[in-house]
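Notes follow the structure.
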Amino acid sequence: MIVILKDQEKREQIDLLVEWLGKQGVSVQATEGAHRTILGLIGDTSHIDIDLLRALEIVEDVKRVQEPYKKANRKFHPKDTVVRIGDVEIGGDSFAVIAGPCSVESEAQLSAVAEAVKGAGAGLLRGGAFKPRTSPYAFQGLRAEGIRMLLEAKRRTGLPIVTELMDPSQIPLFEEVDVIQIGARNMQNFELLKEVGALRKPILLKRGLSSTLQEFVMSAEYIMAGGNEQVILCERGIRTFETATRNTLDLSAIPALRQMTHLPIIVDPSHATGYARFVAPMALAAVAAGANGLMIEVHNDPSAALCDGPQSLPPDAFSDLMKRVNAVRSALL
Ligand code: PEP
Ligand code: MN
C-alpha cells in the first residue's frame, strides 16, 4: 500500500502517522520528494482501513498495490481449486452441471425432476427449501419438509444435493446436505458467511445483484478466513438498466474472476436471463467462456411451478441442452 501525503505537511504529524502505522503491524518506508512525502507500507495491509487513511487531514491519496483478499487470491495459490462432492468434481479441468427445480414443491415433482436431470447427465440436484422471495405473499418454500424431500431424492438417485441456507438457525437441518448455497441476496450477509466459514462442506456462493467482482471475492474470502476453503463462485446475472432480461449475464466475470482467484466458477443462466428460451444460448456461451459448471432450473411442468416457472426448462429441453454443452466442451479441447 502506498500513502501519498499532502504538500508541506508538518514533520510531527508525519511521525505520528508512521508510529500509528507501525502499531498496525506494517513497516513504513518514507520517500521524501521535493514537494511531497510518500510512505510505502510493507507487510500485511489487508486489515488496514484504506478509507480511514484517506480521510486523514495530511493524506492526499492511498493506493493498494496488493488486493485485500489473500486466501482466495490466485497470486498466492496459482493452482485451480477443485471442489469434490462425492464422485463429482468442480474446478480445474472438471466440469459439472447442477440442475433441478427452483423450489421443492412436492415429493412427486422432485422425484420426477431428479430422475430426469440424472438421466440427462446432471452431476448434482438443486432445489430450494428456504426461498428468498421478493414478496412475503409468494411461496416461501417447504422449509424442513423440503430438505427431507431432497434427502429422499438423494437416496433414490444418488445425486448429491445443493440447497440454499438463509439463516444460521437452519444449519442443523443441513447436516446431510452436500453443498450449501448462499444466495445473491445474502452474498454480503457477513454473519451468515462467517457461520458457513466454520463448517467443513462446500459452499456455492452466488454473486450479489449489484456486487463488483472484488466484493464477490471478498465474500468468498470471509468463508475461507473461517477455514472453509471449499467455495464455488456462481455468476447469476447482475442488475443493469436492461429490462429485456431478468438480469444481465456478466460473462466477462468468468475470465476476470479466473485471473483474480483460483476458486471454481459456475454460471446460472436461468436467474441471469429469466426466460427459458434464453437459457440454452447463454449456457453454451458460458461453457465457451470457460465456466467450470452450470446451474440450470428444470421443472417437470414449468407452467405450474410455484417459483421461477418462466425460466425453467422442461426435462426434454434440458436433456437437449446437455448434449449441446458436451459438444461445446469437446470443441474446446
Ligand atoms: C436460486 O438459486 O433459486 C436463487 C434464489 O438464486 P439467486 O440467489 O441467484 O437469486
Ligand atoms: Mn429460482
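The values are calculated or read from the model by the stated rules, or taken from the named source; none is laboratory data. Note that the coordinates shown come from a computational prediction; the quantities given were computed from them, not determined experimentally. FYI the Cβ positions are ideal-geometry reconstructions off the backbone, even for glycines, and counts take in every protein chain you see. Surface areas here come from the heavy atoms of the whole protein model, side chains and all, with no ligands, DNA or RNA. Shrake-Rupley method; radii C 1.70, N 1.55, O 1.52, S 1.80 Å.
For a quick check of your reading of the model, give me the residue pairs whose first member lies in the range 163-191 and is free of Cβ contacts under 8 Å to residues at least 60 places away in the same chain and within 19 Å of residue 210 (Cα to Cα), whose second is within 9 Å of ligand 1 (Cβ to nearest atom) and part of a helix (DSSP H, G or I), with beta-carbon atoms closer than 9 Å and at least 6 apart or on different chains.
From residues that are free of Cβ contacts under 8 Å to residues at least 60 places away in the same chain and within 19 Å of residue 210 (Cα to Cα), the pairs are 166/185; 166/186.
Can you pull out every residue in the range 159-178 that is of a type in the set (A, V, I, L, M), more than 16 Å from ligand 1 (Cβ to nearest atom) and over 14 Å from residue 145 (Cα atoms)?
Result: 159, 171.
Going through the range 184-212 one residue at a time, which ones are in a helix (DSSP H, G or I), within 13 Å of ligand 1 (Cβ to nearest atom) and either open to solvent by 60 Å² or more (accessible area, probe 1.4 Å) or not assigned by TED's automatic domain parsing to the domain that holds residue 272 (or both)?
185
So which of 52, 21, 56 ends up being surrounded by 19 or more Cβ atoms within 10 Å (Cβ to Cβ), farther than 20 Å from residue 176 by Cβ and outside the structural domain of residue 261 (by TED's automatic domain parsing)?
After ruling out the rest, the residue left standing is 21.
State yes or no: is residue 274 within 16 Å of ligand 1 (Cβ to nearest atom) and surrounded by 20 or more Cβ atoms within 10 Å (Cβ to Cβ)? Write out each step before concluding.
Working: within 16 Å of ligand 1 (Cβ to nearest atom): yes; surrounded by 20 or more Cβ atoms within 10 Å (Cβ to Cβ): no.
No, not satisfied.
Where residues in the range 236-259 are over 19 Å from residue 75 (Cβ atoms) and loosely packed, with under 15 Cβ neighbours inside 10 Å, which of them is nearest to ligand 1 (Cβ to nearest atom)?
Looking at residues that are over 19 Å from residue 75 (Cβ atoms) and loosely packed, with under 15 Cβ neighbours inside 10 Å, I get 239.
Give the range 160-183 a look and list any residue that's among the aliphatic types (A, V, I, L, M) and open to solvent by less than 10 Å² (accessible area, probe 1.4 Å), or say none. Please lay out each step first, then the result.
From the range 160-183, those among the aliphatic types (A, V, I, L, M) are 161-162, 165-166, 171, 173, 177, 179-180, 182; that's our starting set.
Matches in the range 160-183: 161, 162, 165, 177, 179, 180, 182.
Going by the structure shown, is residue 317 of a type in the set (A, V, I, L, M) and buried (at least 19 other Cβ atoms within 10 Å of the Cβ)?
Answer is no for this residue.
Among the residues of the range 31-49, how many are open to solvent by less than 60 Å² (accessible area, probe 1.4 Å) and over 24 Å from residue 214 (Cβ atoms)?
Total meeting the criteria: 2.
Residue by residue through the range 287-314, note down the ones that are within 13 Å of ligand 1 (Cβ to nearest atom) and either among the polar types (S, T, N, Q) or open to solvent by 60 Å² or more (accessible area, probe 1.4 Å) (or both).
Going residue by residue through the range 287-314, those that are within 13 Å of ligand 1 (Cβ to nearest atom) are 294-299, 305-309, 311-312.
Residues satisfying the conditions are 306, 311, 312.
Per-residue answers, yes or no, for (1) modelled with pLDDT of 90 or more; (2) of a type outside the set (D, E, K, R):
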{"site": "8", "(1), (2)": "no, yes"}
{"site": "33", "(1), (2)": "no, yes"}
{"site": "38", "(1), (2)": "yes, yes"}
{"site": "46", "(1), (2)": "no, yes"}
{"site": "54", "(1), (2)": "yes, no"}
